[in-house]
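These notes are about the structure you will find just below.
Quick note: the coordinates plus some simple rules give every number you see, no bench work behind them. The structure presented is a predicted model; accordingly, all values stated were derived computationally and were not measured. Cβ placement follows ideal geometry from the backbone for every residue including glycine, while neighbour counts extend to all protein chains displayed.
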Amino acid sequence: MGRNTRKRRSSMATKAIAASAALALGGGGLIWANFYASAHESNNKGWNQTKSAAASQAATISCPDVGQKLTNVPAQARNDVSGELSNLDRQITEAYQRLATTRDAQARDASFVQNSILQPLQDRRKNIFDRIRLEITRVGGTAPADLDTLINCTATPASQTNAGGGQANNGGQANNGGQANNGQTANPSQSAPANNGGQANNGGQTGNGGQAGNGPNAADFVDITKVQANVAAKPRRTGQASTGTFTTRCGVNANGNHNTDNVIVAPGVTNGAHHLHDYVGNQSNDAFANNDKFAAAETTCQNQQDKSSYYWPVIRLQNGTQDFDQNKDGGGKEGNVGKILVARQAQIKFVGSPTSKVTAMPEFLRIITGDAKTTTNGLANANAHWSCTGFENKVQLTTQYPICPKGSSVVRTFAFQSCWDGQNTDSANHRTHVAFADANGNCANGFKAIPQLTMRLVYDVPAPVIQNGQVKNPYAVDGFPEQLHKAATDHDDFINVMSAAQNTKIANCINRGQRCQ
């Protein structure tokens, strides 16, 4: 029998997180430490205690994303391994909160972060790595030989986090959802601003930015009217193109169906996402949902044959106010604060391939697009697209949030992976069973083209104001607290809960060039 993966925080950890939130809401927290760490060094070698030059800000905790490396976990071990990966996320969250609440100790002791935060974190991670290895080998699998190289974490200074600086000329592309070369016309800068000032209670700027002291900051925003056009041309259609569309109308989550679970990545784990999701379509999505529960659920979609689950992290306006979850896990306790904004429009559409007919999606196919951890992972799996109404065909941003002109609304666009391996509805790292088409629109490596899910979310957001290098009334997407609410961490999730007959109907509509709903 597998281990029960429903984990509870220790009372000490809960108090630490609550204390962090209270501190941040009361005026933020400037996180200072003498930082000279190297990502390739461990133990005290990564924290040079002999230097006493001016201290630099330790912005966040950066740990390798182990789940993305585990591509061959046997099916029998996946639930247990997922539970352990969720434990790793919880440990990082708690370490980040400790980083955020011990700034005085860090200022007094240059070795505090290494000795009191990073080394204990490394020790706890090693215990979980040992359990992951055991879970894989006990069912006949082989754990990666280099797994232990992923144990070490670092305290990352502001200059090394991939904030939005420098994207004015080369944001990401949204056309066709093309993720070839990470879905971008050019690599956006991953450098963070030298000024990491933020906002506490819509007033004094402190810490890593934002109302809770963990982002966003001024450099995470850009006036979209000052960004050069960067949207590339769509791939040329061939005679075999599938040009139809299927639109499903499922609402904007006006009924407030939220939770902080992540049933794809962390099944059976309450608060596995550490941030709040909007759900439309299937109304039974939580950590403990299985395929039978999904199939029996109610749906908000007008087409009652579509019980699919479409969900994404909420956007919040950080104007000093709070929402219903200010004292809850995944909400204010973990730095996700401010007024939750409901999208004005949520357009969900399946489109075809420019080079071939599409194969019907399998029932219960799961797809995650984007990466919630780009601040520490880098942009390899980033698929965030931010723009404004009236600018979508010209400018798409990946690493910055747009400041839209008067009369224009903020737009989040998602274009999911459109190639499927033809066999699996999920994979160990939740990525390798699907892929993006190449720059010409073709599926590679024997993958098959499937209807591509596209989503367009439109929000009425008061424009942030940048003054003296600081941002007033910022907005940001919810995320893991250590990810600092960067724009590039935006992501979207989909579970296909439609019958084989309905999936075939959608594929036929698209292949015939029709417009269906």
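Built from the Cα atoms of the stretch 362-424, the convex hull projects on average onto 6.0 nm², one quarter of its surface area.
Spherically averaged projected area of the convex hull of Cα atoms, the stretch 277-421: 11.8 nm². Counting only residues at least eight positions apart within a chain, or on another chain, the lysines with an alpha carbon under 27 Å from that of residue 349 are 234, 293, 307, 357, 373, 394, 448, 486, 505. The calculated FRET efficiency for the pair residue 116 and residue 465, based on their C-beta separation and a Förster distance of 22 Å, comes to about 0.05. What residues qualify as long-range amide H neighbours of residue 245, i.e. H under 5 Å apart, gap of 5 or more or another chain, H built at 1.01 Å from N? Those lying under 5 Å, H to H, from residue 245 are 514, 515, 516. Summing Cβ point charges (Lys, Arg +1; Asp, Glu -1) relative to the Cα centre of the stretch 61-102 gives a dipole of roughly 40 debye. Each residue, residue 72 and residue 283, gets one label point 7 Å from its Cα in the Cβ direction; the gap between the two is 4.5 nm. For the stretch 408-517, the share of alpha carbon pairs falling in successive 10 Å distance bins from zero is 11, 30, 30, 19, 9, 1 percent.
Within a straight-line Cα-Cα reach of under 19 Å, residue 333 can be paired with the following aspartates and glutamates, leaving aside sequence neighbours fewer than 8 residues apart in one chain: 89, 94, 261, 278, 323, 325, 478, 482. Our estimate of slack between residue 342 and residue 322, defined as 0.36 nm per intervening residue step minus the Cα-Cα distance, is 5.7 nm. Evaluate E = 1/(1 + (r/R0)^6) for residue 134 and residue 290, where r is the Cβ-Cβ distance and R0 equals 35 Å; express this FRET efficiency to the nearest 0.05. FRET efficiency, residue 134 to residue 290: 0.90. Once divided by 2.2 N^0.38 Å, the Cα radius of gyration of the stretch 343-384 becomes 1.61.
For the stretch 382-399, in order, what is each residue's ³J(HN,Hα) by Karplus, 6.51 cos²θ - 1.76 cosθ + 1.60 with θ = phi - 60°, in whole Hz (x at glycine and Pro)? Karplus values, whole Hz, x for Gly and Pro: 5, 8, 7, 9, 10, 7, 9, 4, x, 10, 4, 7, 10, 10, 10, 10, 10, 9. Across all Cα pairs in the stretch 201-285, the calculated P(r) in 10 Å bins from zero up to the longest distance comes to 12, 18, 25, 33, 9, 2 percent per bin.
With a Förster radius of 25 Å applied to the C-beta separation of residue 389 and residue 229, the computed FRET efficiency comes to 0.95. Projecting the Cα positions of 342, 389, 317 onto the charge dipole of the stretch 317-456 (unit charges on Cβ atoms of Lys, Arg, Asp and Glu, taken about the Cα centre) puts 389 furthest along the positive direction. The phi-based Karplus calculation (6.51 cos²θ - 1.76 cosθ + 1.60; θ = phi - 60°) puts the 3J(HN,Hα) values of the stretch 276-288 at 8, 10, 8, 10, 10, x, 4, 9, 10, 7, 8, 4, 10 Hz, whole numbers, x for Gly and Pro. Kindly list the residues of the stretch 408-434 that lie in the label zone of residue 380, defined by a backbone N under 17 Å from the point 7 Å along the Cα-to-C-beta vector. Label zone hits: 428-434.
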